[in-house]
Amino acid sequence: MTGLSGAALNPGQELSQALRLWPLWTFMSWQDIRQRYRGSLLGPFWVAGGVATASLGASVLFSRVLQIDNREFMPFVALGIALWSLISLTLIEACHSFTASWSLIRNAALPRPVHVLRTVWRNLIVFAHTLPVVAIMLWLNGQRLHPEAVLALLGLGLLMVNLVWAAWVIALLSARFRDVIQLITYGLQFVSFITPIFWYPDMAGRHFGMLVLNPFYHWLEVIRAPLLGHAPNPENWAVTGGMALAGTIVAILTFRRYRNDIAFWV
Amino acid sequence: MALIEVRDLTVDLPIYSTQARSLRRSVMKLSTGGRLMRDEGRVVIRAISGASFTLERGDRLGLVGHNGSGKSTLLRTLAGVYRPTSGTVRVDGTISAALDPMMGLEPEASGLTNIIALARYRGASRREAMAALPAIADLSELGPFLDLPVKSYSAGMVARLAFAVATSFEPDILLMDEWIAAADHAFVQKARSHLQSYFAQAKAVVLATHDFGVIQQLCNKVLVLENGVAQALGSPAELLAA
């Protein structure tokens, strides 16, 4: 017996069916990647190449401008750029989660969150392809893994929860309003400058109080800090964990309220 | 217990214009308390109005009506794409919806790749999809074309592919919009005889069609829709005689 439950589902059941359908959305993510890099030499490793060139360029430039030790700075920049690519690409591609799947949304009995989970998972796969390059850049600069590195896994888990709810909300807004993709794209460009990717957090000096208000700083820090051998601040954990919880609640509320409208918006 | 129970179903479809999608206008609407531009560019169509029917195990319902009479909306509501504006829809069982032959097609990918993907969109597992692949390829009669990208297919070939996937798994309930007409005569004949044996396996079928021949051959109930209102429900013999 094969099939989906369609009209039989209430919102709670639809959410849990979406999660149980993980073999489907992971399949869809891989299909997307195969499709996107069809006939390309390096496939998703091109993104790894992008991370490598950007971190090399940025670390050579900024270590001189800021007069800091490049051997220490390059691992920091490489991790920052790889993580920032994961975050920004996920949030930008989330704008198309529903609109690009309009034909499935209007004709198939699939739970709605499947389309968002597909986007997030696809970007996690691409991110995984950048990890060997990051590892090499860390190793070449004498950066070794400390026991704290285990915390990075917890950090990545929290980041994924945050990306799922944020991608859901963005997908919803962007299906309704055509301007959202521009706002997200240029907004993230701005955020990439005020987030410590190319500079150390303590360089914020007397503006550190404002930095603490930037959620992306905390999202980066819970993964980057443990991999560089120091534990993240308690407030890094508090903000990332708190946002994961609050954001999930917001996503569920908007799911209940707007789920039916998606088919009319796409 | 009824497999499908629809009671007093009303479905409104909002249609959004370009204006209604503008963020600037929505923000202005907020700041003016909604008085200035209330519902500008947003039209609501009542696609289904107060429909009721039940389907038991073994029922094969044919939906007939003019273009825009609400057939597709009813199918989409049963599939869970649209939710009722008022009234209830109760569906007891798994669903396979074949509403649009172009659904989920990846034009750059080969026919075979698309078959696997389409099967999985219907809830088939990887293993089930792989196991069904030879039979689906066979039924589609597309042969060597299955290795070519779907963008090179004609409309009829796409219809064959989608039809073969849609009718190769066994859901409890099959929902179908009759687009198979796009295929050539020989395939339509084959499709009908395949549908007949396939309908015998499904617990319930809802089929939208303009072809009374199909209804007489395949259905035991007919629902006539007009402007979203269910005009009559009965057996094909009763309704087509009238």
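The values are calculated or read from the model by the stated rules, or taken from the named source; none is laboratory data. All of these numbers come straight from a predicted model, not from anything done at the bench. All Cβ positions, even for glycine, are placed from backbone atoms using ideal geometry, and neighbour counts span all protein chains on display. Note: accessible area is taken over every heavy atom of the protein model, side chains too, but ligands, DNA and RNA are not part of it. Shrake-Rupley method; radii C 1.70, N 1.55, O 1.52, S 1.80 Å.
Annotations
- Inter-chain Cβ neighbour average for residues B:74-82, partner chain, 10 Å: 6
- Peptide A:25-37, shielding by other chains (average Cβ, 10 Å cutoff): 2
- If you look at the Cα atoms of region A:1-66, you get an Rg and a Dmax of 21.0, 65 Å.
- Within-13-Å neighbourhood charge of B:PRO107 [Cβ basis; K, R +1; D, E -1]: 0
- Loop-located trypsin sites (Lys or Arg not before Pro) in region A:122-231 (DSSP state not H, G, I, E or B) with no more than 13 neighbouring Cβ atoms inside 10 Å: A:ARG144.
- Counting only DSSP H runs of at least 4 residues, each contributing -39500 (n - 2.57), and dividing by the residue count of chain A, the helix-based mean residue ellipticity at 222 nm comes to -24000 deg cm²/dmol.
- A Förster radius of 30 Å, combined with the Cβ-Cβ distance separating A:ALA231 from A:LEU183, puts the computed FRET efficiency at roughly 0.30.
- Per residue, region A:143-189 exposes an accessible area of 49 Å² to a 1.4 Å probe, with every protein chain left in place.
- Charge sum, other residues only, whose C-beta stays under 13 Å from A:PRO44's C-beta, Lys/Arg counted +1 and Asp/Glu -1: +3
- For the peptide A:95-103, the mean number of other protein chain Cβ atoms found within 10 angstrom of a residue's Cβ is 1.
- Counting DSSP beta bridges with both ends in the protein assembly as shown, the antiparallel % (nearest 5): 55
- Working from label points 7 Å from Cα in the Cα-to-Cβ sense, the A:ARG38 to A:LEU245 distance is 4.6 nm.
- Of all accessible heavy-atom area on chain A, the percent that carbon and sulfur account for (1.4 Å): 70
- Residues with amide H under 5 Å from that of B:GLN231, placed H, sequence gap 5 or more: B:VAL224, B:LEU225, B:GLU226
- Here chain B has 53 percent of its accessible surface on carbon and sulfur atoms, given a 1.4 Å probe and all protein chains in place.
- Put simply, chains A and B cover up around 3500 Å² of each other's accessible surface, both sides summed, when a 1.4 Å probe is used.
- Computed over chain B, the per-residue total of -39500 (n - 2.57) for DSSP H runs of n ≥ 4 gives a 222 nm mean residue ellipticity of -10500 deg cm²/dmol, rounded to 500.
- The aspartates and glutamates whose alpha-carbon is closer than 18 Å to the alpha-carbon of B:LYS71, local same-chain residues fewer than 8 away aside, are B:GLU5, B:ASP8, B:ASP12, B:ASP59, B:ASP100, B:ASP177, B:GLU178, B:ASP211, B:GLU226.
- Over the protein assembly as shown, equivalent-ellipsoid semi-axes from the Cα gyration tensor in Å: 50, 27, 18
- Per residue, region B:45-198 exposes 39 Å² of accessible surface when a 1.4 Å probe is rolled over the protein heavy atoms with every protein chain present.
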